[in-house]
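Participant: Starting off with a structure, shown below.
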Amino acid sequence: MPPQIFRLVLLTLAIIVSYIIARYLLTPASFGQYGFYRAEALAEAATPEPVFAGRKACLECHEDIQEKLLKGEHKTIGCESCHGVGREHAQNPDVKLGKIGDSGCLRCHEDNGARPAWIKVIVVKDHYRGDKCAGCHVPHQPNEVP
Amino acid sequence: MKHSVSRRQMLATLGGLLAGLASLAAARTARGAVKKVLVTTKAPRGYDPHQHKWLMCFDVDKCIGCGLCVDACKTENHVPAGPMYFRTWIERYIIKKPEPGSGKTRGEVLVDSPNGGRDGFPPTTVPREEILKAFFVPKLCNLCEASPCTQVCPVGATFDAPDGAVLVDPNYCIGCGFCIQACPYGCRFLNPETRVAEKCTLCYHRITRGLKPACVEICPTEARIFGDLKHPVENDPIQAFIQKHRVHTLKPHLGTEPRVLYANLDKEVR
Amino acid sequence: MSAEATNAVNVVIETLPRFEGFVYPNESGPHPLWGFLIVIYPYITGLVAGAFIMASLVRVFRVKALEPVYRLSLLTALAFLLCAPLPLLFHLGHPERSYQIMITPHLTSPMAIFGFVYAWYLMAVLLLELWFDYRQDFVEWARITPGWRGIIYRAFTLGVTDTSERAVALDMKMSWIISIIGIPSAFLLHGYVGFIFGSIKANPWWGNVLMPIIFILSAMVSGIALCVFNYMVLSWVRRRELDMRCLDVMGMFLFYALVVDAAIEALDWIHRAYSAVEGFHVMEYMARERLFYTLSIGQLAVGTVVPLLLLGALQILRKRVPELFRKRIYFTSAVLILIGVFAMRWNVVMGGQYFSKSLRGVMSYKLEFAGVEGWFMGMILLALPFVILTVLIKLFLSEQLPTSGHVPHPPTAPLETGASAPRPAGA
């Protein structure tokens, strides 16, 4: 073999071998277990603690409210939709949940031009404004009058 | 090609390289071990991704545009604040009546999504009598069967998990942004803190614990329907939804085969 | 529900609308995802491919008139190729993880192929061709040059000192074979860059089968223009006479490449407009409003029409135009084309990010001076290849060193009497 070709073949082999070695050593351990990715990434994605506690956690203590809620129009609404993140309260009942103001009601019930026809909406300036919403409406039983 | 003067020197270089890589590998194994401990202590046990196929669907008629889902998503997943980072968002479509005598089926189409709908939607300036129809459309990752984002990832940092979620591996992503360009639905963004691509995970840490995704949990009208296609429960909402409605996907002509289905979608929604 | 809470990022919420119409919220950021650096990347890669094609005109297609610029073209290609990965690297969110592209290349991703195409082109094509062409010279230069330069030349011989007639003949044959492999490789190198954009079906501005072809053609145009530019500047710096025949032939190739390039790009636009592809109205609006200066002025007028007229006129009137005038026209056209092709890269990369994928709105961005994606960084990256090229020319096109008499043809090629004489060094 001519000397210049021999040198190049050697060099090429060295490059290819070091690539194979580098690839062997640097590929993450769990890569390719499920597919072309690190399988550990699945476990990592599942690791963080949930923030919202979920309806089930609320029902452990507040089944009575749930029963009332299911009778009315608000039956599809989750507790944390209005009351906010409840994880700390679920773990320790002494931690109180935040108060809900009128803005909580208006978020769904104020007319903004695109709400579907089935939801009851108000135009704030045309609506009776003598009191807070809860003065006339019962959030857990919207069909009833206090 | 330029280096290495003699064969002996070349061998020495190769030896050095090997030694370096060996020490690197040792460090890698050690790190892997640390991670494994973390995973086994904190992640939910006994979850087998092959036993599930998750799916989320939308009933456009039920969405009232309260934006609670957007807010819940940001809180649950610590999504960066700011109006350009969303894993899910709501769009408001207001389609005006056509000009009288114009012979058109519809007039101007106004679309907006202020802060992704996170703070709700302000009253529209369009007078009610000019509106032909109006509705809200929730958006999130379309969970494509032939996902263009995972196709273009150069390193395998984003992938279709066996349970149907499309995930990003934040510890492996190089932050090239190719997947963000490839997503036709604008569902991905580059996290300014971690400098990697980010997207909806279907709240992977919640669904693996038997909880619903935060947006589904919080949606007051059940406009978001979530379920497991492999294990339908009694009166499964997903099965009922697919049976009851004629469903449509976003941008079907792109051949991405989205699994996320919409009922009552309008042609103006892209 | 208060939700600001834990993740307090210092994001300044801008109230000024940066867009017209509707754009997806994730698209409404203040900076384009792919900025100035990604404009530079295809520009530099294109110059590499074009300069290499220019060199293969000599070796493969035996265009003898271009011999004076053979080595210069190859060194130009090398200098720019060495800089090609830098903009990509700097724009990554995690440059320290870039090695993963080589370790776990995802084969369905056009970007994953970059590492291999690049390595192949650098190691198996460009460096090899240069090495075989220079080997004989390295042995001689290592013998006669003292000091560190001698050591460099000696290292580049890789310890092979055989300069017998048989060995040199083999060198030339190898160089010729590599050059033949190199042409498709150069097309691959830049065609794949076009494919990175052309394969994104989500974006109607990019997703286009013609994209790789347009990239290859504009690469040839810009590469030849760069060689004209470098050759004229180098001769001017060294106060050497320009080889007018060489310049005329380069001008001719430049003209024809530009004609084909302009025709294909026009076809692209006509096809888009006539078939009224989805979103054409928003793309047209975007091109008119956001890309007016770079598209209509930069790419079309400065980069295409004016050089076409200038070079076209010279093709017709060549012998009747005085030499000085011809030189000026070639130089002007080369510079204009280099600007025009840069504008074309800008239009492709930025154009695809000036309109929303909802096809309902257009964005506007402001390019900053500082920062990784700013003007300043871009200018440095554009200047860097010229710095490297200067070093390469000092080392490998030195006027003080004698050049061997071999010609860059396979030994079977019929030798012209004029070509067998030792080439003047440095030109």
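Participant: Taking the C-alpha atoms of the stretch A:49-98, how large are the radius of gyration and the largest Cα-Cα span, Dmax, in Å?
Facilitator: That works out to 10.9, 33 Å for Rg and Dmax.
Participant: To the nearest 20 debye, what is the magnitude of the charge dipole of the stretch A:100-139 about its Cα centre, counting +1 on the Cβ of each Lys and Arg and -1 on the Cβ of each Asp and Glu?
Facilitator: Charge dipole of the stretch A:100-139: 40 debye, to the nearest 20.
Participant: Compute the relative contact order of chain C as a whole-number percentage, counting only Cα pairs closer than 8 Å that sit 6 or more residues apart in sequence.
Facilitator: Taking the mean separation of contacting Cα pairs over the length of chain C, I get 28 percent.
Participant: Could you check the simple spin-label distance between C:Leu367 and C:Ile316, using points 7 Å along Cα→Cβ, in nm with one decimal?
Facilitator: Between C:Leu367 and C:Ile316, the label points sit 3.6 nm apart.
Participant: Follow-up. Set the bar at 25 Å for Cα to Cα. Now go through B:Lys96/B:Lys212; A:Lys96/B:Lys199; B:Lys53/B:Lys212; A:Lys96/B:Lys139; A:Lys132/B:Lys74 and name every pair that lies beyond it.
Facilitator: B:Lys96/B:Lys212; A:Lys96/B:Lys199; A:Lys96/B:Lys139; A:Lys132/B:Lys74
Participant: How big is the dipole moment of the stretch C:232-298 about its Cα centre under a simple scheme where the beta carbon of each Lys and Arg is +1, that of each Asp and Glu is -1, and everything else is neutral? Debye, nearest 20, please.
Facilitator: 380
Participant: Order these by the 10 Å Cβ neighbour count, fewest first: B:Cys176, B:Cys141.
Facilitator: Going from least to most buried by this count: B:Cys141, B:Cys176.
Participant: Enumerate the calculated ³J(HN,Hα) couplings along the stretch A:7-12 in order (Karplus 6.51 cos²θ - 1.76 cosθ + 1.60, θ = phi - 60°), each rounded to whole Hz, writing x wherever the residue is Gly or Pro.
Facilitator: In residue order, the calculated couplings are 4, 5, 4, 4, 4, 4 Hz.
Participant: Another question, if that's okay. Could you pull out every residue, at least 5 positions away or on a different chain, whose amide H is within less than 5 Å of the one on B:Phe189? Hs are placed 1.01 Å off N in the peptide plane, and Pro or chain starts have none.
Facilitator: Here B:Glu198 satisfy the definition.
Participant: Return the whole-Å distance between the Cα centroid of the stretch C:275-293 and the Cα centroid of the stretch A:96-133.
Facilitator: 42
Participant: Counting Lys +1, Arg +1, Asp -1, Glu -1, what net charge surrounds B:Lys199 among other residues with beta carbon under 10 Å of its beta carbon?
Facilitator: +1
Participant: Set Lys and Arg Cβ to +1 and Asp and Glu Cβ to -1, take the dipole of the stretch B:90-238 about its Cα centre, and tell me which of B:Asn115, B:Pro148, B:Cys179 lies farthest positive.
Facilitator: With unit charges placed on the Cβ atoms, the residue in question is B:Asn115.
Participant: Follow-up question, since we're still on this one. Counting Lys +1, Arg +1, Asp -1, Glu -1, what net charge surrounds B:Cys57 among other residues with beta carbon under 10 Å of its beta carbon?
Facilitator: +1
Participant: While we're looking at this one, here's another question. Between the alpha-carbon centers of the stretch B:191-270 and the stretch B:149-164, tell me the distance in whole angstrom.
Facilitator: A separation of 18 Å, based on Cα centres.
Participant: A follow-up question, please. Please report, in debye to the nearest 20, how large the charge dipole of chain C is about its Cα centre when each Lys and Arg carries +1 at its beta carbon and each Asp and Glu carries -1 there.
Facilitator: 940
Participant: Follow-up question, since we're still on this one. Distance in nm between label sites at B:Arg195 and C:Glu399, each 7 Å beyond Cα in the beta-carbon direction?
Facilitator: 4.5
Participant: Pairs of Cα atoms under 8 Å, at least six residues apart: use those to get the relative contact order of the stretch A:49-98, whole percent.
Facilitator: 43
Participant: Rg and Dmax of the stretch A:3-46, using alpha carbons, in Å: what are they?
Facilitator: Spelled out, the Cα radius of gyration and Dmax of the stretch A:3-46 are 17.2, 58 Å.
Participant: Between A:Gly101, A:Gly135, A:Gly32, where does the largest GNM mean-square fluctuation fall for chain A, given springs only between Cα atoms within less than 10 Å?
Facilitator: Comparing A:Gly101, A:Gly135, A:Gly32 in a Gaussian network model of chain A, the most mobile one is A:Gly32.
Participant: Tell me, what HN-Hα J-couplings in whole Hz come from the Karplus equation 6.51 cos²θ - 1.76 cosθ + 1.60 at θ = phi - 60° for each residue of the stretch A:102-117, using x for Gly and Pro?
Facilitator: 5, 4, x, 6, 5, 3, 9, 9, 8, 5, 10, x, 10, 6, x, 5
Participant: Amide H neighbours of B:Glu91 under 5 Å, at least 5 residues apart or on other chains, H built in the peptide plane: list them.
Facilitator: Here the answer is B:Val137, B:Lys139, since their amide H atoms fall under 5 Å of that of B:Glu91.
Participant: Another question, then. Taking a virtual spin label 7 Å from the Cα of C:Glu96 along the C-beta vector, which residues in the stretch B:139-178 bring their backbone nitrogen under 18 Å of it?
Facilitator: B:170-176
Participant: Given a Förster radius of 60 Å and the C-beta distance between C:Phe376 and B:Arg128 as r, what FRET efficiency does 1/(1 + (r/R0)^6) yield to the nearest 0.05?
Facilitator: Between C:Phe376 and B:Arg128 the formula returns 0.70.
Participant: How would B:His205, C:His31 line up from fewest to most surrounding beta-carbon atoms within 10 angstrom?
Facilitator: C:His31, B:His205
Participant: Can you check what the net charge comes to around B:Arg87, using other residues whose Cβ is under 14 Å from the Cβ of B:Arg87 (Lys, Arg +1; Asp, Glu -1)?
Facilitator: Here the count lands on +4.
Participant: Still on this structure, I have one more. With a 10 Å Cβ neighbour count serving as the proxy for reagent exposure, in which order, fewest first, do C:Met211, A:Met1 appear?
Facilitator: Ordered by Cβ neighbours within 10 Å, fewest first: A:Met1, C:Met211.
Participant: Continuing with the same structure: Could you give each residue of the stretch C:49-58 its phi-based ³J(HN,Hα) in whole Hz, using Karplus coefficients 6.51, -1.76, 1.60 with θ = phi - 60°, and x for Gly or Pro?
Facilitator: Those phi angles translate into 4, x, 5, 5, 4, 4, 5, 6, 4, 6 Hz.
Participant: Okay, next question. List the residues, sorted by chain then number, that are 5 or more residues from C:Gly361 or on another chain and whose placed amide H is less than 5 Å from its amide H.
Facilitator: Close amide H contacts, sequence-distant or interchain: C:Phe22, C:Ser356.
Participant: Follow-up question, since we're still on this one. Would you mind computing, in nm to one decimal, how far apart the modelled labels at C:Val391 and A:Glu88 are, each placed 7 Å from Cα along Cα→Cβ?
Facilitator: The two pseudo-label positions are separated by 5.8 nm.
Participant: Another question about this same structure. Taking 8 Å as the Cα distance limit and 6 or more residues as the minimum spacing, I'd like the relative contact order of the stretch A:50-146 as a percentage.
Facilitator: 30
Participant: While we're here: Putting +1 on Lys and Arg Cβ atoms and -1 on Asp and Glu Cβ atoms, find which of C:Pro87, C:Gln136, C:Trp205 reaches farthest to the positive end of the dipole of chain C.
Facilitator: C:Gln136
Values quoted throughout were computed directly from the atomic coordinates according to the rules given, and no laboratory measurement underlies them. For clarity, every value in this text was computed on a predicted model and none was experimentally measured. So basically every Cβ, Gly included, is an ideal-geometry build from the backbone, and we count neighbours across all protein chains shown.
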